Each structure stands twice: as C-alpha cells, then as structure tokens.
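Here the structure is laid out as structure tokens; the discussion comes afterwards.
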Amino acid sequence: MRASKNIYLFLVPGFILYSIFFLYPTVSAFFYSFTDWDGISSEFDFVGVDNYIRAATNDSIFAQAVGNNLSFMLFVVIFQTIFSLIFAIILIKNTKFNIFLRALFFFPTILSSVSVAFIWSFIYDPSMGLLNTFLGISGLEALQQNWLGNQNIAIYSLAFTQVWFHTGQMLIIFVAGLHAIPNDLYEVAKIEGASKWQTFKKITWPLLAPSATIVVAYTTIQSFKAFDLIFATTRGGPNHSTEIIATYIYEVAFRSYNFGYASSISVIFMVIIAIITYLQFKVLRSDKVSY
Amino acid sequence: MIFRRFAVLIYALLVIIPITMVILTSMKTMSETFENPLGLPGEGVNIANYIDIFRSETMLGYFINSSVVTLASVSFTLMFAAMIAFAITRLTNWIGTIVFLLFTLGMMVPAQVNMVPLYNVVLQLGLTNSLLGLILVNISVTMPVAVFILTGFMKTLPKELFEASTIDGAGEWKMFTSVVIPLSLPSLSATAIFLFVMHWNDLLYPLLFITDNNYKTLPLALLEFQGQYATNYPMLFTGVMIASAPMVLAYIFLQRYFVAGMTAGAVKG
C-alpha cells in the first residue's frame with residue numbers, strides 16, 4: 001500500500017532541527033578549518049591548508065593528545081572487553097544472585113561523568129584517597145602513587161575509571177550474546193569430550209563474534225568521547241598528559257580562541273574515527289560464522 | 001570455581017565500596033574525612049551538608065533546570081524521531097533510504113567533533129544562556145540514535161497493519177497515532193530511558209552554552225563546585241548524591257527497563 005504525499009510532512013520538524021544543529025555545523029567545520037577565525041571578530045582570512053600543516057608537523061601537544069587518546073583507547077578496549085566477557089561467562093545463568101550482581105555491575109553506567117570523576121578523584125587522592133590508604137594498610141606503601149598527578153600514569157588511572165564506568169553495560173551485551181547460543185552445541189561438545197578451553201575456542205568465541213564486534217566498536221567510540229570524564233577529572237592535565245583530542249579541541253577553541261585551527265583538528269578527528277571504525281568492521285566481520 | 005567467585009567478589013566490592021564511600025562522606029565533616037577517610041561519620045546520620053548546600057547554592061534552581069531540559073529533550077526527541085522512523089518505514093522509494101542514511105551518518109560522527117561550529121550556530125541564533133538552546137541541541141544530537149532504534153522496530157511491524165488502516169480510510173497521522181505508536185511502546189520506552197540517562201548526565205553542551213547561573217544544569221553546577229570547594233569532598237559528594245538521586249531511584253524501580261534501554265542505545269548507538 002503506497003503512502004500518501006502527507007507522509008513527507010512527518011520528516012519536517014526533525015529534519016529542520018537536524019539540519020540546523022547537526023548537518024550545517026558538520027559541513028561548516030570543513031569551511032572554518034581553512035580559515036584563521038578567532039571565533040569572535042566578524043573578519044577572518046583564508047589560510048589554505050596551513051592549519052592542517054600545523055597540526056601535522058608543528059604541534060607537539062596535538063601529537064601528544066592523539067597518542068594519549070590511542071593509549072586510553074587500547075587500555076579501555078582491552079580491559080573492558082576482557083572484564084565484561086569474563087563476568088558475562090561467570091554470571092551467565094539467570095539465578096537471582098547473578099541477576100543482582102549484573103545489576104550491581106551495571107550501576108555505574110547510570111551516573112553522570114562528573115559524579116564518576118569526583119568519586120575517582122577522591123579514590124586517587126594522594127593523601128586521603130582510598131587507594132593509597134588501602135595500600136598503606138596492606139603494607140604496600142611502595143606502590144603508593146599520585147595517581148592523577150604523575151604524568152606517566154594519569155591517563156591509565158583515567159582509563160581504569162572509564163572501564164569501571166562502562167564494564168557493566170558491555171557485560172549485558174555479552175550475556176545477551178551468550179544466551180543466543182543454542183544449548184545443544186554445548187551438549188554435543190560435552191559428549192565428544194571437549195575440554196572447557198576447546199569449547200570456548202570452537203563454540204563460544206566464534207558464535208559470540210557479533211556481540212564482540214558491538215562491544216569493541218562501542219568501547220572504541222566511547223574512548224574518543226570520554227571528554228566529560230577527563231575534563232571533569234583533570235581538564236587534560238597535568239602538563240597535557242591526559243589531553244585527548246576532544247579536550248584539546250575545547251582548549252584550542254574556548255581557551256585560546258583559535259576556532260579555525262580547532263575546526264581543522266575536528267576534521268582530522270572525524271577522519272581518525274572513520275578510519276578506526278572501518279578497520280574494526282573489516283577485522284571483526286571477516287570471520288563470519290553460521291550455525 | 002574458587003577463582004570465579006573471587007573475581008566476581010572483588011569486582012562487586014569495587015562497585016560497592018565507592019558507592020558506600022560517597023554516601024558516608026556526604027555525612028561527614030571535612031576534618032573527619034581528612035583524619036580518617038575510611039571511617040564512619042562521627043555523628044551518625046548527619047544531613048548538615050545537605051542543608052548547607054541547599055542554603056548556599058541555588059541547588060533547587062539547578063535541579064529544576066535539569067528536569068526541564070531532560071523532560072523536554074526526551075519528549076521531543078522521541079516524538080520527532082518516531083515521526084521520521086514512521087515516514088522511513090512507509091516510504092519505499094529512494095527518499096526513505098536517503099533519509100535513513102543521513103541519520104545513520106549522524107550516529108557515526110561523535111558530537112564532540114561539532115562543538116566549535118555548533119557553538120557558532122547557537123551563538124548566532126542568540127540561544128546561548130537559554131534552556132531552549134540546550135533543548136534544541138539535545139534533540140538534534142540524539143535524534144539519529146532514536147531514529148535508528150525506532151526504525152528498526154517499526155520495520156518489524158506487519159505490513160498488513162498499514163494496509164488495513166489505509167482501507168479504513170485512516171490518514172497517515174491517524175495511522176501513526178492510533179496504530180503505530182501504541183504498538184511501538186516497548187521500543188519507545190527503551191529509547192526514552194536511554195535518552196533520559198544521556199540528557200540528565202550531559203556536561204558538554206551546558207559547558208559550551210551556559211555561563212549564567214540561572215540556566216545551569218546539575219552536572220555543570222557540580223563541575224563548578226570543584227572550583228569552589230576544591231577538595232572538600234563531603235560537599236562535593238553531597239552534590240553527587242543530589243544530582244544522582246533521580247536516576248538511582250528510577251534505576252532501583254525500573255531496573256529491567258534500564259538495562260534493556262541502555263543496551264539498545266549501546267548496540268544501536
């Protein structure tokens with residue numbers, strides 16, 4: 001049954017807003033990236049690809065931010081995926097206790113990034129923080145650290161916070177994926193005397209690939225979107241050691257008023273995300289499975 | 001088996017301890033916290049910090065701002081996204097495909113990529129320091145995910161439904177409101193929860209567009225307490241408790257729906 005012409009009216013309100021506040025800004029980022037606009041004055045000059053050349057060759061902070069973002073992403077993707085997968089396997093059965101634990105692990109997901117930032121700032125506090133206090137009590141003073149103040153480890157402290165924040169959410173995706181695997185496959189494996197590891201490798205893992213794709217893809221994108229958490233915890237400091245691309249864009253635009261340059265970094269950011277998303281789907285989707 | 005129990009127990013403590021710490025610290029004084037960060041509050045259940053924060057901050061105002069922005073953003077995102085999803089489902093020509101692709105594209109681009117040009121647009125429209133500005137931006141930013149989830153659901157509705165109601169002479173609007181919306185309620189409520197959590201907790205857009213205290217939302221106000229109270233964690237955690245309370249209460253009562261909604265958002269978004 002064909003829809004009447006009126007159906008196009010349904011697109012109007014949403015599409016107007018989407019165009020003004022999403023499509024137009026996205027396109028104009030490209031435009032401003034070729035200018036030296038400061039965001040305030042009405043005049044600006046076109047500077048060609050100067051901004052891009054500066055980002056690529058002459059901005060050590062930007063290079064550092066990209067590096068930090070990749071370290072942060074790798075840490076979060078590896079640990080969040082492993083943790084959520086292990087807990088999903090352990091908590092797979094729908095017993096009351098397991099359901100409670102899944103709900104508990106999920107809990108941090110509903111908090112705001114600012115709340116999570118405060119909680120972990122306190123835990124990591126060098127003098128009264130829970131972590132150092134605990135290490136002191138257990139006789140592990142040697143491991144005590146200024147977790148957010150030490151430039152070498154601050155980004156990993158934040159990455160762990162991010163893992164704590166979202167592991168419960170990924171756990172639920174894995175549990176759903178595990179429940180979708182037909183039980184008879186495991187029974188056959190049992191009859192044929194397969195070991196636990198063999199069963200995992202030959203049945204669980206391949207059939208869990210679609211869930212793993214979702215988890216890894218989502219976690220990666222989340223790592224690039226961790227602006228709120230990092231901004232509220234360290235604002236990119238100390239000395240840019242926790243600067244990620246998003247916090248750097250904010251700094252360049254709203255602290256240094258260099259809108260043109262910030263726009264070019266945004267465009268580069270977009271390209272990086274596109275490449276990573278493409279690679280991920282290529283790698284993870286390559287091993288298709290069927291029942 | 002022992003390893004399994006142990007791993008789960010450790011992680012459970014990793015969630016329970018920080019939560020307990022927030023609750024207890026919000027009932028302590030600064031000196032109590034400094035002397036014994038792990039101890040119980042000296043005076044038992046003590047709500048002095050809560051009274052203090054409501055007295056010295058316009059806490060109620062922030063709370064109202066957050067509620068208005070969240071409620072309006074969620075309602076309008078849902079309504080507009082449902083209309084678009086319905087149109088995409090009904091349109092079998094190339095226009096439907098193009099519209100769907102345009103919105104899918106929006107899901108791929110993280111909102112933070114747009115913060116600079118988006119700020120320009122909001123500034124030029126005179127919408128900085130206004131709740132309306134926040135609401136309009138929120139709607140536009142979360143619409144792609146909502147369209148994606150709802151389209152996925154509506155495409156599974158049997159085609160005969162549309163045909164039957166067309167024969168009845170029902171217009172598109174009537175078909176939408178009296179057939180499609182009621183049938184899409186499960187998907188709509190899951191999307192609503194996902195949007196609620198996102199908008200209630202959002203920091204970036206208030207940070208970009210709001211400088212006037214009268215229009216600040218809770219996460220932004222909370223962030224600025226940090227400048228004011230520095231490491232006065234009892235006060236900061238009192239703020240955390242107040243800002244998180246609505247979501248935590250909702251989570252306790254609607255747990256199943258939360259998990260479903262947030263997961264749908266993750267899977268699709």
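Which of (1) touching a helix residue (DSSP H, G or I) at 6+ places or on another chain (Cβ under 8 Å); (2) away from chain A (no Cβ under 12 Å) is the odd one out, the single condition B:Pro182 does not satisfy?
(1)
If B:Glu57 meets every condition in (1) modelled with pLDDT of 85 or more; (2) outside the structural domain of B:Asn138 (by TED's automatic domain parsing) apart from one, which number is that one?
Exception for B:Glu57: condition (1).
Take B:Ala221 and tell me if it is touching a residue at least 60 places away in the same chain (Cβ under 8 Å) and either of a type in the set (Lys, Arg) or surrounded by 20 or more Cβ atoms within 10 Å (Cβ to Cβ) (or both).
Yes.
Among the listed residues B:Val45, B:Val68, which satisfies the condition of being exposed (fewer than 14 other Cβ atoms within 10 Å of the Cβ) and either β-branched (Val, Ile, Thr) or closer than 16 Å to B:Ala243 by Cα (or both)?
Within the list B:Val45, B:Val68, the selection yields B:Val45.
For a quick check of your reading: which helices (runs of 4 or more DSSP H) sit entirely within the range A:103-203 and have at least 2 residues that are within 16 Å of the chain's Cα centre (by Cα)?
Qualifying helices (runs of 4 or more DSSP H): A:113-124, A:154-179.
Tally up the residues in the range A:164-196 that are of a type in the set (Asp, Glu) and surrounded by 10 or more Cβ atoms within 10 Å (Cβ to Cβ), please.
Adding up the residues that qualify gives 1.
Looking at (1) touching a residue at least 60 places away in the same chain (Cβ under 8 Å); (2) under 27 Å from the mean Cα position of the chain (by Cα), which one does A:Val27 not meet, given that it meets all the others?
So the condition that A:Val27 fails would be (1).
Given the residues B:Leu161, B:Leu220, B:Leu249, which is the only one that is closer than 30 Å to B:Met115 by Cα and assigned to a helix (DSSP H, G or I)?
Residue meeting the stated conditions: B:Leu220.
Which residue out of B:Ser178, B:Ser187 is within 30 Å of B:Val109 (Cβ to Cβ) and among the hydroxyl-bearing types (Ser, Thr, Tyr)?
Just one listed residue meets the conditions, B:Ser187.
Could you list, in sequence order, the residues of the range A:49-58 that are part of a loop (DSSP other than H, G, I, E, B) and either buried (at least 17 other Cβ atoms within 10 Å of the Cβ) or polar (S, T, N, Q) (or both)?
The one that is part of a loop (DSSP other than H, G, I, E, B) and either buried (at least 17 other Cβ atoms within 10 Å of the Cβ) or polar (S, T, N, Q) (or both): A:Asn58.
Test of understanding: among A:Phe46, A:Phe10, A:Phe34, which residue is without any contact (Cβ under 8 Å) to a residue 24 or more places away in the chain, surrounded by 16 or more Cβ atoms within 10 Å (Cβ to Cβ) and hydrophobic (A, V, I, L, M, F, W, C)?
Result: A:Phe10 is the single residue among A:Phe46, A:Phe10, A:Phe34 that is without any contact (Cβ under 8 Å) to a residue 24 or more places away in the chain, surrounded by 16 or more Cβ atoms within 10 Å (Cβ to Cβ) and hydrophobic (A, V, I, L, M, F, W, C).
Only one of B:Thr156, B:Thr151 is outside any helix (DSSP H, G or I), more than 30 Å from A:Tyr32 (Cβ to Cβ) and either modelled with pLDDT of 90 or more or among the polar types (S, T, N, Q) (or both); which?
Details: B:Thr151 fails: outside any helix (DSSP H, G or I).
Result: B:Thr156 is the single residue among B:Thr156, B:Thr151 that is outside any helix (DSSP H, G or I), more than 30 Å from A:Tyr32 (Cβ to Cβ) and either modelled with pLDDT of 90 or more or among the polar types (S, T, N, Q) (or both).
Tally up the residues in the range B:124-148 that are without any contact (Cβ under 8 Å) to a residue 12 or more places away in the chain, part of a loop (DSSP other than H, G, I, E, B) and within 11 Å of chain A (Cβ to nearest Cβ), please.
We begin by selecting, within the range B:124-148, every residue without any contact (Cβ under 8 Å) to a residue 12 or more places away in the chain; these are B:124-126, B:132, B:136, B:140.
The next check asks that each one be part of a loop (DSSP other than H, G, I, E, B); those that pass are B:125-126.
Going one step further and asking which of them are within 11 Å of chain A (Cβ to nearest Cβ), we end up with B:125.
Adding up the residues that qualify gives 1.
The values are calculated or read from the model by the stated rules, or taken from the named source; none is laboratory data. Bear in mind that the values here come from a model prediction, so they are computed numbers and not experimental data. Counting neighbours? That spans all protein chains shown, and the Cβs are built from the backbone with ideal geometry, glycine included.
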